[in-house]
Amino acid sequence: MTTPAAPPDVGASSSQRSTRALLFTVVLFAVVVGVIFGGSRLANRGATSQGGQQSATNTSQGVLLGATPAPAFTLTDQNGATVTLDSLKGRPTVFTFFDSVCPHADCPLIAHYLNLTAQDMGSDAGKVNWVALSLNPWHDTPQTVAAFISNQRLSLHLTYLLGSASQLQPLWDAFHMQSVEQADGVVIHTTGIYVLDSQARELVYMDEGFDPRALSADMRLVLTKGDSAFAGQPVVSTSNAITEVHTVDGMQVTLTSAPGQYGAFDYTVMLQNQQGGAISNAQVALDLSMPDMKMQPVHEDLQPVTPATTGAYRVTGVLSMKGRWVVNVTITPPGAANPSVTTFSFDANY
């Protein structure tokens, strides 16, 4: 989680929508990350691409989600009030994800950008719900949230939803976010922005490097046109997969990264020996990182695909950021004294 270049200062003109050629080369994910994550399109240099490609956006920035219903919840905010998804209905919502004690730059960055968005919207900002879902149930409290809002000088009225890990995990999954508490107590997580319409349906996703003027313009469009703001525009395509094949220590290693619903990726590793036979009962793991980001790699352990004799191993993870990703695949075959490591890379695009 690091800080991308800040967008230009937001002035009084909110009708101008700027595009950013590169939203952020980051993690979590930034992901996001988070282990990282995004039903988007992948474009890979030098890899085999399978499936069609389709433009997923014609907002100035962001991925159109086709008015998918947001997941239902009943949680408590930082003031002890009960908040449900239904209670957000009646006006559009900017829905984001925070860790109030985040030591990284991504949460303060989003807070700053939300301030700029509200500034650009002027009086229209009061017609919108501003909601954040906790990414840190281990340390977020009403007191830390109050300190975060004060320290980030949030001028908008933010509803900060709190809950236990068991309450929040299904919502992270539904929003394709991930949060992991490390042994040192520091939480790494994905994050981003969802635009919900007045019926609490998901219209647009933006990653944490969003341009406040783009979000402001989208919110004004939703306020003006209502629930049909993006009707008829193409939504995110999930038909593209990437496959790469490497050879390491006499093994053929095939990695396939397949986007599913927005935010989620299935990673499948196929292992074969020199004779083309499947290698079963191996230990297989992925470590994902972005070379342009200062981030701790996200670790994923793969599980054998039934039947194990296929030599296939799979895990579902998240890529919430576009840009170049590096994937280190670590394999320990049965009886091996030391693991083998091979490195893949691909460009993730929305």
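The amide H of A200, built 1.01 Å from its N in the peptide plane, has G90 as neighbours under 5 Å, considering only residues 5 or more places off or on other chains.
The listed peptides 303-311, 170-178, ordered by packing as a protection proxy, come out as 170-178, 303-311 (highest mean of other Cβ atoms within 10 Å first). Counting heavy atoms of the protein chains alone, V204 has an accessible area of about 0 Å² for a 1.4 Å probe. Taking 0.36 nm per residue of separation and subtracting the current Cα-Cα distance, fully stretching the chain between D301 and D227 would add 22.6 nm. Counting Cα-Cα pairs of the stretch 144-215 in 5 Å increments starting at 0 gives whole-percent bin shares of 3, 11, 15, 25, 26, 15, 4, 1, 0. Extension gain for Q167 to K127 (0.36 nm times residue separation, less C-alpha to C-alpha distance): 11.5 nm.
The values are calculated or read from the model by the stated rules, or taken from the named source; none is laboratory data. Since the model is a prediction, treat every value here as computed from it, not as a measurement. With ideal geometry, Cβ positions are generated from the backbone for all residues, glycine too; neighbour counts draw on all protein chains shown. The accessibility values were calculated without ligands, DNA or RNA, using every heavy atom of the protein model including side chains. Shrake-Rupley method; radii C 1.70, N 1.55, O 1.52, S 1.80 Å.
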